[in-house]
Structures are given as structure tokens and as C-alpha cells.
1. Can you report the number of residues in the stretch 129-160 which are polar (S, T, N, Q) and modelled with pLDDT under 95?
2. Which pairs do you get when a residue that is open to solvent by less than 30 Å² (accessible area, probe 1.4 Å), found in the stretch 127-138, comes within reach of a residue that is part of a helix (DSSP H, G or I) and among the β-branched types (Val, Ile, Thr), reach meaning Cβ atoms under 6 angstrom, with the pair 6+ apart or on two chains?
3. If Pro41 meets every condition in (1) under 24 Å from Glu152 (Cα atoms); (2) in contact with a strand residue (DSSP E or B) (Cβ under 6 Å, 6 or more places away or on another chain) apart from one, which number is that one?
4. Kindly state which helices (runs of 4 or more DSSP H) lie completely within the stretch 72-152 and contain at least 2 residues that are over 17 Å from Ala168 (Cα atoms).
5. Within the group Thr101, Thr124, which residue is open to solvent by less than 30 Å² (accessible area, probe 1.4 Å), of a type in the set (S, T, N, Q), closer than 27 Å to Arg59 by Cα and in contact with a strand residue (DSSP E or B) (Cβ under 9 Å, 6 or more places away or on another chain)?
6. Taking Pro179 and the conditions (1) without any contact (Cβ under 8 Å) to a residue 24 or more places away in the chain; (2) of a type outside the set (Lys, Arg); (3) more than 22 Å from Ile19 (Cβ to Cβ); (4) buried (at least 21 other Cβ atoms within 10 Å of the Cβ), which numbered condition does it fall short on, given that it satisfies the others?
7. Part of a loop (DSSP other than H, G, I, E, B), touching a residue at least 40 places away in the same chain (Cβ under 8 Å), buried (at least 23 other Cβ atoms within 10 Å of the Cβ) and touching a Pro at 6+ places or on another chain (Cβ under 8 Å) - does that describe any residue in the stretch 1-22?
8. Residue check, Thr126 against (1) farther than 29 Å from Ala221 by Cβ; (2) under 16 Å from the mean Cα position of the chain (by Cα), all met but one. Which one?
Amino acid sequence: MAERKPIESWLTDMDGVLIHEGVPIPGADAFVKRLRESGKPFLVLTNNSIYTARDLHARLRRMGLDVPVENIWTSALATAKFLDDQRPGGTAYVIGEAGLTTALHDIGYVLTDHEPDYVVLGETRTYSFEAMTKAVRLIKGGARFIATNPDETGPSAEGPLPATGAVAALITKATGKQPYFAGKPNPLMMRTGLNAIGAHSETSAMIGDRMDTDVLAGLEAGMVTYLVLTGLTTREEIEQYPFRPSRIVDSIADLVQRI
């Protein structure tokens, strides 16, 4: 690996890196504490668009992880930033939860089902056939198709759940239109996040548990990448990919001393 500048900023995925099914992963509290004490810019990222940053701050704090609201970056916030840059003050028909609708309201978007500029698909636990039908008809009528992230399934205590990517595929099949995904592995999510904290990719690291989203996004954004083995990717599965992380570690606990 080529010599790089020292790491001055850290980005880390949340699920599978800091927490697992609502429980902190050993070492996560020490990692967050050391980050905050170091004064280095950092972000906790998630492709989940259900919750607002304030919601996630409260949820993490209940688990003993004190991450400030301004240090949380979601695919909903990345989507809103993208839309604000592309078409300020636009309109959108949204399928999603408060994390997404709040992010769009905050940039001055009007949410409507009357000739919207965009159909924006995010995560929800209550996907309805009626809402999907309306999305299909609006896209057929000329609305542009945006989705917060391409994840096809999400975790639950009972097993995997259909997620944004799976529902997007259904809408694509019905319309012939592919969505623009704003979340990981789109490096846009990383670059907008880095901009939000005033950081630069050449001196930043991305920590994740998924090769196909976290590592790929970090790699394409020009960052050092760390893969932890506490989430979805096993050591054996790494060889299946045509790219590799910069480093592989057992868990977030192995990175505390690197800050």
C-alpha cells in the first residue's frame, strides 16, 4: 500500500461496527470517547433513512455511546443535500419515515403527490402497495426517481427484511427507470459527509463491516478503509471481491489506539 498522510478524520458505519441488534459492540464506547477527546473530525454514518440524526443520537446515548447530533450522517441527509444542490426548493413524493421527510423539509422541499419533481424512496417498515403504485404512476408521468440507498435487505431480530433496494427494484421493473442512489456505496455520501465536517479524503479513514457498501464507498472516495469482522462480512468472503480494504481488523476495539 502506498504511503499516505496521517489519518486526521474518521468516518465509521454504525450497525455492525459500533452496535449490533441494539447492543454496543465491545470497544465502541472507548472508540467514541477517544475520538471526542482527540478533537479530530468524525462522523457516524448509516444507510438507514428511518431516523433523524436527533433520534439516532438519543438511541445511541441510551446504549452508552455519546455521539453528538452533528456527528451523525444518514443516507436521508445525503439525499437531501444532493436534491438541494440539484434543484433547490423543489417538490417530492416521498415513501419513507421521519428521517427522510424531516431532511427534505429542512432544505425547503414541498412534499406532494401532484406533479412532483422527484419520487424519493427511503426505508420504512410499512411499505404499502398503494404508495408504490402512486410512485410508479408519478415516475411514468415524468418524476425523477431517487432512492436513499441500494440495500436490498435490512436486519431484524426475526431475520432479514425487504429494504429500499428491493422496493426500488420493484418500481424499476414497473417503470423501466433506474433510481439514483444517494447513499453508500455512492462516494457522494462520503464526500458530502466529509464536507460537513471540513475533512479531506486523503487524510480520512472509513470503518465498515460491509465490503459492498462501506469499503467500496470509502475506496471510491479516496479514503483509507478498515473492515471489521463484527458485522455482515466474514474473512472468507473478502476474497470474493475484486477490491480489498486497506486493513482488516477483528473489531472496533482494535482501532482505539490508532486515533
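The values are calculated or read from the model by the stated rules, or taken from the named source; none is laboratory data. Because the structure is predicted, anything quoted here is derived from the model rather than measured. Note that each Cβ is placed from the backbone with ideal geometry, even for glycine, and that neighbours are counted across all protein chains shown. Calculation scope for accessible area: heavy atoms of the full protein, side chains included, ligands and nucleic acids excluded. Shrake-Rupley method; radii C 1.70, N 1.55, O 1.52, S 1.80 Å.
1. Filtering the stretch 129-160 for residues polar (S, T, N, Q) gives 133, 148-149, 153, 156.
Checking the rest, the ones that are also modelled with pLDDT under 95 come to 153, 156.
Final tally of qualifying residues: 2.
2. The qualifying pairs are Ala135/Ile171; Val136/Ile171; Val136/Thr175.
3. The single condition Pro41 does not satisfy is (1).
4. Values: elements: 75-86, 98-106, 129-140.
Because the criterion is at least 2 residues that are over 17 Å from Ala168 (Cα atoms), the helices (runs of 4 or more DSSP H) in the stretch 72-152 that meet it are 75-86, 98-106.
5. Working: Thr101 fails: open to solvent by less than 30 Å² (accessible area, probe 1.4 Å).
Criteria check complete, one pass: Thr124.
6. Tallying (1) without any contact (Cβ under 8 Å) to a residue 24 or more places away in the chain; (2) of a type outside the set (Lys, Arg); (3) more than 22 Å from Ile19 (Cβ to Cβ); (4) buried (at least 21 other Cβ atoms within 10 Å of the Cβ), Pro179 fails exactly one: (1).
7. Yes; the residues of the stretch 1-22 include at least one that is part of a loop (DSSP other than H, G, I, E, B), touching a residue at least 40 places away in the same chain (Cβ under 8 Å), buried (at least 23 other Cβ atoms within 10 Å of the Cβ) and touching a Pro at 6+ places or on another chain (Cβ under 8 Å).
8. For Thr126, the exception is condition (2).
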